[in-house]
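The structure appears right after this line, and notes come after that.
The values are calculated or read from the model by the stated rules, or taken from the named source; none is laboratory data. It should be emphasised that the depicted structure is a prediction, and the values quoted were computed from it without experimental measurement. In this analysis, Cβ positions are derived from the backbone assuming ideal geometry, glycine residues included, and neighbour counts consider all displayed protein chains.
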Amino acid sequence: MTTLDIKGIQEAADDPRDDIPLYAPAPKVYPQSVKGRFRRIKWGLLFFCLGIYYLLPFVRWHRGPSLPDQAVLIDLERKRFYFFFIELWPQEVYYLTGLLILAAIILFLMNAVAGRIWCGYLCPQTVWTDLFMSVERFFQGDRRDRIRLDEAPWSFDKIWRKAATHISWLMIAWWTGGAWVLYFADAPTLVLQLATLQAPMTAYLWIGILTFTTYALAGHMREQVCLYMCPWPRIQAALTDADALNVTYRHDRGEPRVSVKQAARLREVGQPAGDCIDCHQCVAVCPTGVDIRAGAQLGCIQCGLCIDACDDVMRKVMRPAGLIGYDTEAAVVARAARTTPPARRLIRPRTILYAAIISLVGGAMLYQLATRSLLDLAVNHERTPLFTTLRDGSIRNSYTLRIANKRSEARPLAITVGGPAGTAFEISGASPSADWRPIVTVPADQTIEIRLFVAMPRRVATSSSQLIQIKASDLAFGESVTVKENFFAP
Amino acid sequence: MAPDLEKPAVDAVTGTPTTGHEWDGIQELNTPLPRWWLWTLYLTIIWSVGYWIVYPAWPLISSHTTGILNYSSRAEVGEELAKLAALRNTQAAGLAHASLTEIKASPDLQRIALARGKAAFGDNCAPCHGGAATGAAGFPNLIDDDWVWGGKLDEIQKTILHGIRWEQNPETRVGNMPAFGRTGMLKREEIAQAVEHVRSIAGLDVDKTVDLAKGKEVFAANCASCHGEGGKGNQELGAPDLTDAIWLFGSSRQAMTEGLINGRGGIMPAWNGRLDPVTIKALTVYVHSLGGGQ
């Protein structure tokens with residue numbers, strides 16, 4: 001090693017730039033309260049969404065004596081999902097796949113039409129954060145008061161305000177977890193069990209987990225969730241286009257930013273003056289602390305609160321409202337270039353495609369749901385042996401039938417087998433009906449397994465395999481299922 | 001030009017500070033992660049320490065640290081198995097009190113009996129009768145409708161309990177197909193005639209050169225006492241029906257001749273005492289359900 005090399009290594013080790021921080025503290029955001037159209041919409045949606053979440057488990061839906069009467073219930077123990085008039089079995093979990101596809105494409109369509117509607121108004125992170133912020137505001141005051149309180153030394157006033165906030169947050173968080181577990185058991189019963197400390201351990205565990213996540217995410221993490229945890233802002237940026245409505249600072253109108261007085265002077269002498277007075281109200285009210293005037297960005301959840309704040313300011317300085325508003329990039333760019341903005345194109349290839357996928361998947365699911373059979377018959381041919389020779393030389397095959405009754409009443413089913421003349425069949429444990437068809441009764445909401453023996457005289461069992469029809473006909477509801485299966489012979 | 005080591009370098013294009021690292025003119029920009037991200041790393045480390053204390057974690061030379069909860073997945077499986085055994089015992093109690101016909105009549109009891117019977121069949125009966133109970137030459141097929149000793153529930157149960165030609169059991173089923181040829185009771189020619197007679201009543205192909213009338217005489221004198229005048233067999237004696245399509249030792253001329261010369265006498269062990277009464281009941285119901293039960 002030469003002297004020069006050693007010197008190089010030492011210099012690299014002593015490089016003070018190696019000490020620069022690779023981690024940065026997350027600056028705390030103190031959103032200011034705001035009144036206006038979008039704030040009202042957000043309040044309305046907050047009460048609507050939380051109302052559904054907290055109250056839905058208590059809605060009753062009568063399904064018959066043997067089934068639960070909770071409208072929405074995920075019954076893990078009995079492996080059923082109830083949603084009002086729909087009851088799904090585990091083998092129908094593909095509906096969930098359909099729902100997930102629908103959810104994703106609806107999100108894309110919303111984005112193509114009007115940007116991050118989901119992020120700004122409907123996302124649980126947004127809704128709960130909004131709720132937690134209002135609690136915070138109730139105990140600690142508005143933006144300036146909260147900043148002052150955080151900077152102030154610890155005092156009785158500060159302690160009780162902080163304590164009240166966190167206790168309220170924890171109570172809301174606890175009830176969020178509490179409502180969650182109600183979807184998995186009979187809600188009134190579980191509430192009573194929880195109140196008397198008799199509930200199953202898993203219920204407390206899940207309430208604990210959701211209390212922690214709600215308290216941490218809505219109370220402390222807030223915009224950090226959108227900035228660092230959520231994949232959607234990144235995908236959204238790749239999916240948007242110039243024709244999508246977005247919460248936009250109309251820079252064609254706002255720039256150059258000057259004070260109200262200077263703007264008046266400039267306009268008098270016929271010079272250009274922007275409407276933005278650089279008052280920072282849009283930044284002050286922003287729940288994620290971004291500056292909308294920097295354009296579309298990852299941190300902007302497009303909740304519209306800056307529109308309310310800016311409109312308020314514009315009214316005060318006697319300028320038209322709408323300096324910040326829902327607008328398309330195409331329109332802003334056109335106006336900035338002093339050309340006529342193009343008409344808004346709602347129908348574009350991407351909106352057509354999204355709408356087509358939504359109607360296709362939604363239609364297929366609805367069709368499947370509307371025409372799905374409440375009676376399932378699955379036939380398994382016995383493999384060992386494929387056939388048996390009987391005393392009189394005839395050939396017998398045996399089958400296992402699995403019959404699922406998805407109704408809430410027991411159903412008597414007549415089993416018949418169609419095949420060449422001389423085909424005989426037998427079911428162990430079936431009682432014969434008046435017309436000598438064997439009857440099996442499937443209890444409500446259950447699957448039973450029965451063995452079916454089918455025999456053919458040697459003279460008709462000529463081919464090594466031929467198709468027979470096995471049919472289950474419901475005597476009470478008139479439904480029937482036919483399955484074709486092979487009959488094997490030597 | 002020597003870089004200014006006091007100030008962090010700033011990338012001219014993005015305006016972002018760089019880390020000062022440079023490779024072939026490519027600079028590394030410094031976009032710091034939020035501090036809490038680092039805290040979550042420390043938190044997971046603290047969590048893991050807590051985990052080591054509470055749960056089994058570290059391997060030692062011949063054992064491992066057990067953790068203060070003393071948790072063991074093996075013990076958990078053991079508990080589950082004990083619960084299952086307790087459940088099976090209550091189900092067995094149901095079978096113990098019910099008669100065979102009561103078990104057949106009750107779907108619940110039948111379900112339990114079939115599950116238990118299937119398991120017991122696989123453990124004890126399958127080596128001879130086959131996993132699917134289809135049997136083999138000399139070992140009866142239990143899924144067809146032909147029975148040497150009877151296919152009613154109580155007859156099946158008796159066969160399982162006491163076995164066939166099982167000398168240690170006084171109540172065992174006994175029936176003998178004598179070795180007509182080896183003992184000299186019948187001459188080779190008479191045996192051939194008897195075989196052709198049996199083939200004719202069974203509907204099998206017959207050698208026309210053999211005297212069938214003689215064969216019928218030999219049958220009446222030697223075989224009919226057990227197998228019956230018409231060869232329909234007798235389940236009391238375990239004498240198979242010779243007119244049906246099912247042949248325990250095969251329907252070839254050679255197999256039939258061999259039976260007449262050397263006799264036949266398969267053995268089945270008595271299971272009374274080797275299996276508990278509930279298991280035998282379950283086996284009876286299971287065998288009865290295979291397709292031949294009467």
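Out of the residues in the range B:32-55 that are hydroxyl-bearing (Ser, Thr, Tyr) and farther than 19 Å from residue B:66 by Cα, state the one that is nearest to the chain's Cα centre (by Cα). Among them, the one singled out is B:44.
Which one is nearest to residue B:136 (Cα to Cα) among residues in the range B:212-257 that are among the hydrophobic types (A, V, I, L, M, F, W, C) and within 14 Å of another protein chain (Cβ to nearest Cβ)?
Taking the range B:212-257 and keeping what is among the hydrophobic types (A, V, I, L, M, F, W, C), we get B:212-213, B:218-221, B:223-224, B:226, B:237, B:239, B:242, B:245-249, B:255-256.
Those left that are additionally within 14 Å of another protein chain (Cβ to nearest Cβ): B:242, B:245-248.
Numbers: B:242: 18, B:245: 15, B:246: 12, B:247: 10, B:248: 8 Å.
Here the answer is B:248.
Residues in the range B:151-164 that are within 14 Å of residue B:289 (Cα to Cα) and assigned to a loop (DSSP other than H, G, I, E, B) were compared, and the one that is farthest from the other protein chains (Cβ to nearest Cβ) is B:152.
Set side by side, the residues B:213, B:119, B:137 differ, and just one is out of contact with any Ser or Thr (no Cβ under 7 Å at 6 or more places or on another chain), surrounded by fewer than 16 Cβ atoms within 10 Å (Cβ to Cβ), of a type in the set (A, V, I, L, M) and touching a residue at least 40 places away in the same chain (Cβ under 8 Å), which is B:137. Filter the range A:231-273 down to residues that are of a type in the set (A, V, I, L, M, F, W, C) and part of a loop (DSSP other than H, G, I, E, B) and give me whichever is surrounded by the fewest Cβ atoms within 10 Å (Cβ to Cβ). The extreme case among them is A:269. Of the residues making up the range A:359-383, those that are part of a loop (DSSP other than H, G, I, E, B) and over 38 Å from the mean Cα position of the chain (by Cα) are A:382, A:383. Scanning the range A:61-98 for residues that are within 19 Å of residue A:182 (Cα to Cα) and in contact with a helix residue (DSSP H, G or I) (Cβ under 9 Å, 6 or more places away or on another chain) yields A:70, A:71, A:72, A:73, A:79, A:80, A:81, A:86, A:88.
Results for (1) within 12 Å of chain A (Cβ to nearest Cβ); (2) in contact with a helix residue (DSSP H, G or I) (Cβ under 7 Å, 6 or more places away or on another chain); (3) closer than 22 Å to residue A:221 by Cβ, shown as yes or no for each residue.
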residue	(1), (2), (3)
B:12	no, no, no
B:15	no, no, no
B:22	yes, no, no
B:30	yes, no, no
B:38	yes, no, yes
B:41	yes, no, yes
B:44	no, no, yes
B:47	no, no, yes
B:52	no, no, no
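Within the range B:79-96, does at least one residue satisfy the condition of being within 14 Å of chain A (Cβ to nearest Cβ) and either hydroxyl-bearing (Ser, Thr, Tyr) or exposed (fewer than 10 other Cβ atoms within 10 Å of the Cβ) (or both)? No: the range B:79-96 contains no residue that is within 14 Å of chain A (Cβ to nearest Cβ) and either hydroxyl-bearing (Ser, Thr, Tyr) or exposed (fewer than 10 other Cβ atoms within 10 Å of the Cβ) (or both).
Can you tell which of B:220, B:245, B:270 is among the small types (Gly, Ala, Ser) and touching a helix residue (DSSP H, G or I) at 6+ places or on another chain (Cβ under 6 Å)? Give the steps one after another, and end with the answer.
Numbers: B:220 fails: touching a helix residue (DSSP H, G or I) at 6+ places or on another chain (Cβ under 6 Å); B:245 fails: touching a helix residue (DSSP H, G or I) at 6+ places or on another chain (Cβ under 6 Å).
Going through B:220, B:245, B:270 in turn, the sole match is B:270.
Residues that are touching a strand residue (DSSP E or B) at 6+ places or on another chain (Cβ under 8 Å) and either outside any helix (DSSP H, G or I) or within 14 Å of another protein chain (Cβ to nearest Cβ) (or both) within the range A:186-226 comprise A:186, A:224, listed in sequence order. Selection of the range B:238-273 for residues being in contact (Cβ under 8 Å) with a residue 12 or more places away in the chain and more than 30 Å from residue A:458 (Cα to Cα) yields B:261, B:262, B:263, B:265, B:267, B:268, B:269, B:270, B:271, B:272. Within the range A:3-37, the set of residues being modelled with pLDDT of 65 or more, more than 12 Å from chain B (Cβ to nearest Cβ) and assigned to a helix (DSSP H, G or I) comprises just one member, A:37.
The selection criterion, being in contact with a strand residue (DSSP E or B) (Cβ under 7 Å, 6 or more places away or on another chain), part of a loop (DSSP other than H, G, I, E, B), within 14 Å of chain B (Cβ to nearest Cβ) and aliphatic (A, V, I, L, M), holds for residue A:386. Return the pair list, or none, for Cβ contacts closer than 9 Å from residues in the range A:410-423 that are at positive phi to residues that are of a type in the set (Lys, Arg), at least 6 apart or on different chains. Sorted first by the residue in the range A:410-423, then by its partner, the pairs are A:422/A:459.
Could you look through the range A:389-398, keep only residues that are at the interface with another protein chain (Cβ under 8 Å from one of its Cβ atoms) and within 19 Å of residue A:450 (Cβ to Cβ), and pick out the one that is surrounded by the most Cβ atoms within 10 Å (Cβ to Cβ)? Restricting to residues being at the interface with another protein chain (Cβ under 8 Å from one of its Cβ atoms) and within 19 Å of residue A:450 (Cβ to Cβ), the top hit is A:396.
Among the residues of the range B:175-199, the ones that are in a loop (DSSP other than H, G, I, E, B) and either in contact with a Cys (Cβ under 6 Å, 6 or more places away or on another chain) or loosely packed, with under 13 Cβ neighbours inside 10 Å (or both) come to 4 in all.
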